[in-house]
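Quick notes on the structure that follows.
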Amino acid sequence: MPQQGNTSGLAGITAGETALSTVGKEGLDLTYRGYSIRDLAEGASFEEVVYLLLYGILPSRTELDRYKNLLLSLRDLPAALKTVLEQLPPTANPVDVLRTGCSALGTMEPEGEDRDAHAIANRLIASFPSMLLYWFHFHRSGKRIETRAEAHPTVADQFLFLLRGEAPSSLHVRALDAALVLHAEHEFNASTFTCRVIVSTLSDFYSAITGGIGALRGPLHGGADEGAMRLLERFSTPEEAEAGIRGMLEKKEKIMGFGHRVYKKGDPRAPIIKSLAKQLAAEAGDRTLFPIAERIEEMLLSEKGLYPNLDFYSAVAYHFLGIPTFLFTPLFVISRASGWAAHILEQRANNRLIRPIATYIGPAPRPFPKLDER
Ligand code: ACO
């Protein structure tokens with residue numbers, strides 16, 4: 001059946017099948033393998049969600065304990081990778097650090113007979129926080145941190161501990177864990193589709209994830225959370241924010257953290273992350289940032305009919321977790337690596353080269369002039 005509407009940017013085009021998630025198929029909902037995002041964010045840890053995505057079922061308690069131990073055992077970095085991370089400039093974009101770390105690990109522990117796709121998926125999910133925070137501390141204080149952090153068994157707990165050097169509160173671990181769950185998977189978004197295109201050529205796992213990181217980095221996709229934070233920081237009162245946003249809209253500027261290609265009536269992840277951001281703001285005694293964010297939300301809805309996407313209140317939540325703004329998008333990488341990995345496995349299970357065609361809009365065929373005739 002021909003597909004209707006404006007399909008530029010592949011909008012509305014069905015580009016394949018997936019059993020991993022539904023995005024806005026039933027009303028406004030999002031499910032991972034049939035489970036509602038609300039249930040997962042409230043009742044499942046990030047590790048349970050990763051297991052669900054990679055192995056197709058929710059783990060039993062024993063399976064989960066075993067899986068968490070496996071991930072814990074995969075946190076250490078090879079010495080050669082630490083050297084690479086030390087050589088990268090302190091001014092590097094941390095997303096580029098993960099992109100480079102992923103690619104470098106692929107040369108040290110390549111995919112092959114003794115290392116299958118599941119093993120690499122687990123290795124990357126377990127070692128991305130280690131790569132990021134090893135690089136971060138080495139270039140800030142010269143410290144070569146121990147990344148295993150045995151006493152901090154989940155990704156959220158390990159991340160906050162390695163970042164701060166002290167044990168995080170249970171509220172902070174729970175909030176970051178839920179944020180990781182919300183970011184894990186989202187059907188054929190730009191970065192996931194990039195991963196699928198790459199493995200459809202029978203390329204290797206690391207190349208696909210490296211490409212996915214590159215696609216996620218842009219401000220129209222994963223980079224929007226950092227853009228949202230920089231925007232929020234420009235204002236000191238809700239009134240100032242209202243005037244500032246009005247000016248931006250008049251100049252037709254995009255407001256980061258608003259709008260979505262699929263969810264035109266609201267992103268189901270946004271109220272969940274907003275509620276966490278609200279709790280974290282209250283805990284921090286905030287009377288400024290959260291009200292500013294809410295005023296911007298109200299304004300964009302009334303003026304433009306635009307709703308916040310996951311990125312907007314993620315920025316607020318991460319801010320109150322004490323995470324520096326330039327580490328927001330790397331956190332997205334750490335979480336979404338699970339969805340990318342699951343899509344790579346799914347693409348490979350029923351592969352056909354992804355190779356669309358284009359409508360040609362260039363010049364009609366014409367005579368070729370020799371060099372000295374031009
Ligand atoms: N700020 C201001 N206006 C917007 C915004 C925004 N954030 N988003 C959409 N619009 C407007 C557009 O200007 C356009 O208006 P027009 O019809 O008057 O020209 C209309 O809404 C439709 O927008 P498009 O850009 O055509 O929608 P598209 O589906 O191509 O883009 C996108 C979706 C890229 C997410 C867009 O909403 C955007 O740029 N948002 C800001 C970046 C962002 O937050 N990205 C994160 C996405 S979610 C994620 O990765 C977790």
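The values are calculated or read from the model by the stated rules, or taken from the named source; none is laboratory data. Only a predicted model underlies this, so the values are computations on that prediction, with no experimental measurement involved. Methodologically, a virtual Cβ is constructed for each residue, glycine included, from the backbone with ideal geometry; neighbour enumeration extends over all protein chains shown. We work out accessible area using only protein heavy atoms, side chains counted, and drop any ligands, DNA or RNA first. Shrake-Rupley method; radii C 1.70, N 1.55, O 1.52, S 1.80 Å.
List of remarks:
- In the range 241-262, residue nearest to the ligand (Cβ to nearest atom) [restricted to those that are over 16 Å from P308 (Cβ atoms) and open to solvent by 80 Å² or more (accessible area, probe 1.4 Å)]: K252
Quick grid of which residues meet (1) under 21 Å from the mean Cα position of the chain (by Cα); (2) not aromatic (F, W, Y):
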{"site": "M248", "(1), (2)": "no, yes"}
{"site": "Y263", "(1), (2)": "yes, no"}
{"site": "A270", "(1), (2)": "yes, yes"}
{"site": "S275", "(1), (2)": "yes, yes"}
{"site": "A284", "(1), (2)": "no, yes"}
{"site": "E297", "(1), (2)": "no, yes"}
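- Among the residues of the range 263-308, those identified as within 16 Å of the ligand (Cβ to nearest atom), of a type outside the set (S, T, Y) and open to solvent by 70 Å² or more (accessible area, probe 1.4 Å) are K264, K265, P271, E298, L301, E303, K304.
- As a summary of the residue check, M108 satisfies the conditions (1) open to solvent by less than 40 Å² (accessible area, probe 1.4 Å); (2) more than 21 Å from the chain's Cα centre (by Cα); (3) of a type in the set (A, V, I, L, M, F, W, C) except for the one numbered (1).
- Residue satisfying all of: in the range 196-218; open to solvent by less than 30 Å² (accessible area, probe 1.4 Å), modelled with pLDDT of 95 or more and within 16 Å of the ligand (Cβ to nearest atom); farthest from R115 (Cα to Cα) among these: L216
- Selection of the range 321-374 for residues being hydroxyl-bearing (S, T, Y) and either open to solvent by 40 Å² or more (accessible area, probe 1.4 Å) or farther than 30 Å from A167 by Cβ (or both) yields T359, Y360.
- Qualifying residue in the range 53-68 (condition: within 20 Å of the chain's Cα centre (by Cα), of a type in the set (A, V, I, L, M) and closer than 15 Å to L133 by Cα): no
- Of all the numbered requirements in (1) under 23 Å from the mean Cα position of the chain (by Cα); (2) modelled with pLDDT of 95 or more; (3) not aromatic (F, W, Y), A11 misses one, and that requirement is (2).
- Only residues that are within 23 Å of Y51 (Cα to Cα), open to solvent by 20 Å² or more (accessible area, probe 1.4 Å) and among the hydrophobic types (A, V, I, L, M, F, W, C) were counted across the range 118-160, and they come to 2.
- Residue match in the range 22-40 (condition: open to solvent by less than 30 Å² (accessible area, probe 1.4 Å), in a helix (DSSP H, G or I), over 30 Å from H137 (Cβ atoms) and modelled with pLDDT of 95 or more): yes
- Contacts under 8 angstrom Cβ, first residue in the range 298-326 being touching a residue at least 24 places away in the same chain (Cβ under 8 Å) and over 14 Å from A179 (Cβ atoms), partner polar (S, T, N, Q) and open to solvent by 20 Å² or more (accessible area, probe 1.4 Å), 6 or more apart: F326/N93
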